[in-house]
C-alpha cells in the first residue's frame, strides 16, 4: 500500500515542484512504484517530467467529473504522473457539493495498492486543492527557502493543517521542514535557519537534516524534461535530494 506524501507551502518560489519531481523520480530510480499527482493548476510538475499537460485527462477531470483515476495516469521514464493544467484553477468555484474535501482521497484510495509511493504537488495557496491533498495524504513535507519572507504565513499553514487533522484526516503528520536554495555562507541563511527551527516546533515537527543547496541545474532540468538526478547527477542539489530520497525510501523520516 502506497505511502502518500504531499509537498506543500502556500508561498511560491520555495522549490515545491522541484522537490516533488525530484522525490518522485528519485524513488522511481530506486525501483519503487511511484505516482506523482499535480494539484497545482500551473501544471509545472507534469511539464517537468515530460508530460503533455494540454492533452488527455488531468487531475481536473478526476475532481470535477469524478472520473475513474486510471485513464488520467501517464507513464514516464520517471514513474507515473497525473498532470494538471489551468482548468484546475476553476475547481474552487466549481466544486461546491458536499464532501468536496474527499474527492482526491476517494480517487487515490482506489489505486494506491498499485504503488509504493504517491507524491502530491500542491498549489501555492491554501484552498480546496490543498485541502484535498492534505486529506488524501499520510504526511507532508514543507519546503522553505532561508529568507525572512518565506517564514511569513506559517501560522496560517498550521491552522489549515490543524483543521484537516480535526475534521478530515487525524492521521496526517508533518515529516519536516525542508530548507531549499540553501547557501550556508550567507549570514541571512544562518539567521533564518535558527528561526526555522522555531517554526518547525510550532508545526510539531523538525527541520530536516538535508539542506538542498543552490544549483543552476535545478532550474535547467525542467527545460530538458529531465529529473535533476539524470540531468545533473553530480550537482550539489542532486546529492542533497538523493540523501533525502534514501531516507524516505528506507522509512527513516
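Rule-based calculations on the coordinates, nothing more; no lab input. Please read all numbers here as calculations on a predicted model, not as lab measurements. Quick reminder, even Gly has a Cβ in these numbers, built from the backbone with ideal geometry, and neighbours come from all protein chains shown.
Worth pointing out:
- Here the peptides 48-56, 245-253 are ranked by packing, the mean other Cβ count within 10 Å, and the order with the highest first is 48-56, 245-253.
- Protection proxy ranking, peptides 232-238, 6-12, average beta carbon neighbours within 10 Å, highest first: 6-12, 232-238
- Spacing of the modelled spin labels on residue 250 and residue 216, each 7 Å from Cα toward Cβ, amounts to 3.4 nm.
- Label point 7 Å beyond Cα of residue 95 along Cβ direction - residues of segment 44-61 with amide nitrogen under 18 Å: 44-46, 57-61
- Virtual spin-label span in nm between residue 86 and residue 209, 7 Å along Cα→Cβ: 4.5 nm
- By the beta-carbon count within 10 Å of each Cβ, the least crowded to most crowded order of 228, 73, 37, fewest first, is 73, 228, 37.
- Amide N proximity, segment 41-79 versus residue 156 label position 7 Å along Cα-to-Cβ, cut-off under 20 Å: 41-42
- Most simply put, the chain has about 10% antiparallel DSSP beta bridges, counting only bridges with both residues inside it.
- Summary of the geometry: segment 202-246 and segment 134-150, compared by the centres of their Cα atoms, lie 15 Å apart.
- Average Cα contact separation per residue, the chain, under 8 Å, 6 or more apart, as relative contact order %: 25 percent
- If you sort the three axes of the alpha carbon gyration tensor as a ≥ b ≥ c, you get a/c under 1.5 for segment 1-137, which makes it rounded.
- Shape category assigned to segment 82-157 from the gyration tensor of Cα positions, a/c cut at 1.5: oblate
- Contact order normalised by residue count of segment 86-135, Cα under 8 Å, 6+ apart, percent: 51 percent
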